[in-house]
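> Okay, here's the structure, questions in a sec.
Values quoted throughout were computed directly from the atomic coordinates according to the rules given, and no laboratory measurement underlies them. None of the values given here were measured: they were computed from a predicted structure. Counting neighbours? That spans all protein chains shown, and the Cβs are built from the backbone with ideal geometry, glycine included.
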Amino acid sequence: MGTLSLVCFDSKVDSRTTYVLERQIYPQINNGVYRSGFASEVKPYTEAVTQLFEGLDRLEKILSDGREFIVGGQLTEVDVRTYTTIARFDIVYHGQ
């Protein structure tokens, strides 16, 4: 069996990637999906969903210029984490 290798994956995390992940993607999108999905009351749910969709709107604007990746010109941890979170969100929470 062959080995899967992410040749284009940038293993060096630069300051811009870290900033985008920690300040923008994680709190609004990654964590927002879980906070909205597990909220047991209306107010926390509403706050989480609002922040989540604000983050998704921001992400859409970033990618609307035709770029393939969120930060820089190659695949980074930001892209991988964002993709997996959005895929789960779409199937599990939003697609019901």
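> Viscosity 1.306 mPa s, temperature 10 °C: Stokes-Einstein D of region 32-94 from its Kirkwood Cα radius, in µm² per second?
The Stokes-Einstein estimate is 125 µm²/s.
> A follow-up question, please. Compute the signed sum of charges (Lys and Arg +1, Asp and Glu -1) over the other residues within less than 13 Å, Cβ to Cβ, of VAL49.
Numbers: positive: ARG35, LYS43; negative: GLU41, GLU47, GLU54, ASP57.
That works out to -2.
> Something else about it: Hey, with R₀ at 30 Å, roughly what FRET efficiency would ILE91 and GLU54 work out to, going by the Cβ-Cβ distance, to 0.05?
Details: r = 21 Å, r/R0 = 0.71.
In this case the efficiency is close to 0.90.
> I would also like to ask the following. Arrange the peptides 39-48, 17-26 so that the one whose residues have, on average, the most other Cβ atoms within 10 Å appears first. Kindly include the intermediate steps, with their values, before the conclusion.
Values: 39-48: 11.8, 17-26: 16.7.
Result, highest mean Cβ count within 10 Å first: 17-26, 39-48.
> Please give the peptides 84-93, 61-70 ranked by average Cβ packing (other Cβ atoms within 10 Å per residue), highest first, as a rough proxy for protection. If you can, show how the numbers build up before the last one.
On the way: 84-93: 13.7, 61-70: 11.1.
Descending packing order for the listed peptides: 84-93, 61-70.
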